[in-house]
């Protein structure tokens, strides 16, 4: 069968640094094709080239039999390529009709929107997907699943030949996922192709026909889903040999065997759930211990960290802090209980770019610096000077905007923010991501020093070497549930990869 899409030898570099090198992707008509890879593999860059957000530096793109040089998302849409992003690009306060017909509203006299006709067309479009709702109501009044389906309906209504779905199930519950899968299957039957980007590997075996794997900006594999296994997919993403992983042993770790050499129990999570991406999470953390959370993207690691820190409300379970059933309903309550949380996304959730190094560093400490209703500036400067020196933060002065610092130094400032509150528990989500080798070593040394001083650390890292070498125990998660726990001598990269391929009731 002739391909609907051919992307061959695609190259892309940013500031001289290669993001894609010789990447290829082929999709046939009516095919549901998965695209997988770890963070930084190049998936997003490839999609942005396909949809006209970025211009490629080399290679060819042929879509629907014609060489394509799409230069904007609107051109891609007009050509028959629709993208449904993880963060829906819809307008919740506008009506369903306005979202479905946006930019293509029927007009009267060439000027005025014919709302009667617009509502009629909107209902007809949604009816194809079994959606019967009030199209005059604000889109935001409906569930996330309905909003996803509206986005898909809009895409297909624009005569899309290829629909790109970026993590479409990330915020859906099980019943909503089934509805979405039904729609995807309907698209396949109608001859519409789907490029399905997801970190949830089990979904691929249910909905996809083929899968392309990317690693380090290159295409490393393309195969039929029916002819592969989860273990083989994980091995291809990580650049490992599946046979070697399958032969590696995996040690189950019983909770009763936790070394009593560690200090007091700082944190106990029992049966913690926050939604479909975290179910029945258990963890014990002792003083002077590093507990790693292992798993692929989407496994529930960040969700566990957010639950512990009070960002996401618990739907089930409880968290005990130093033997007390503590209600950590907000980050402020967690901070007051002696918790610090270095988030995964430094730019979006960590630094405040236009504020100074001083302001960023002491943000969590401000309540303790108040003296007579005023901030004790002398004490603040003393603390900032201490951590700039202790952590080797390279900055012109403490008033320099943090946005002007390197990524590694920004990360050190964020670490200092939490060390300054003298925490008992430090949750670190990808603490060395996006920093150079030198800064990475310095940050790891800071973490070790904190543990030596009695801090309990929850460590999340997508770099297996970092988590294997750094953690005393590793809790391995898969799709929001604990698969196993590893401890020395059972902590190896091979054992971790094998655990990630575990599926309940099925041999890895």
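What to note about this one:
- Of all residues making up the stretch 99-141, the number that are part of a loop (DSSP other than H, G, I, E, B), out of contact with any strand residue (DSSP E or B) (no Cβ under 6 Å at 6 or more places or on another chain) and closer than 22 Å to residue 82 by Cα: 9
- Residues in the stretch 454-476 that are modelled with pLDDT of 90 or more and either assigned to a loop (DSSP other than H, G, I, E, B) or within 16 Å of residue 288 (Cβ to Cβ) (or both): 454, 455, 456, 457, 458, 459, 471, 472, 473.
- So residue 412, is it surrounded by 14 or more Cβ atoms within 10 Å (Cβ to Cβ), within 29 Å of the chain's Cα centre (by Cα), assigned by TED's automatic domain parsing to the domain that holds residue 309 and part of a helix (DSSP H, G or I): no
- Any hit, the stretch 371-381, residues being in contact (Cβ under 8 Å) with a residue 24 or more places away in the chain and either more than 23 Å from residue 199 (Cβ to Cβ) or touching a strand residue (DSSP E or B) at 6+ places or on another chain (Cβ under 7 Å) (or both): no
- Tally of residues being surrounded by 21 or more Cβ atoms within 10 Å (Cβ to Cβ), part of a loop (DSSP other than H, G, I, E, B) and within 20 Å of the chain's Cα centre (by Cα) across the stretch 273-295: 3
- Subset of the stretch 20-39 (residues that are farther than 14 Å from residue 197 by Cα and surrounded by fewer than 21 Cβ atoms within 10 Å (Cβ to Cβ)): 21, 22, 24, 26, 28, 29, 30
- Condition met for residue 183 (touching a strand residue (DSSP E or B) at 6+ places or on another chain (Cβ under 7 Å) and on the phi < 0 side of the Ramachandran plot): no
- Qualifying position, being within 19 Å of residue 145 (Cβ to Cβ) and surrounded by 16 or more Cβ atoms within 10 Å (Cβ to Cβ), among 197, 192: 197
The values are calculated or read from the model by the stated rules, or taken from the named source; none is laboratory data. Owing to the predicted nature of the structure, the values given are computational and were not obtained by experimental measurement. Quick reminder, even Gly has a Cβ in these numbers, built from the backbone with ideal geometry, and neighbours come from all protein chains shown.
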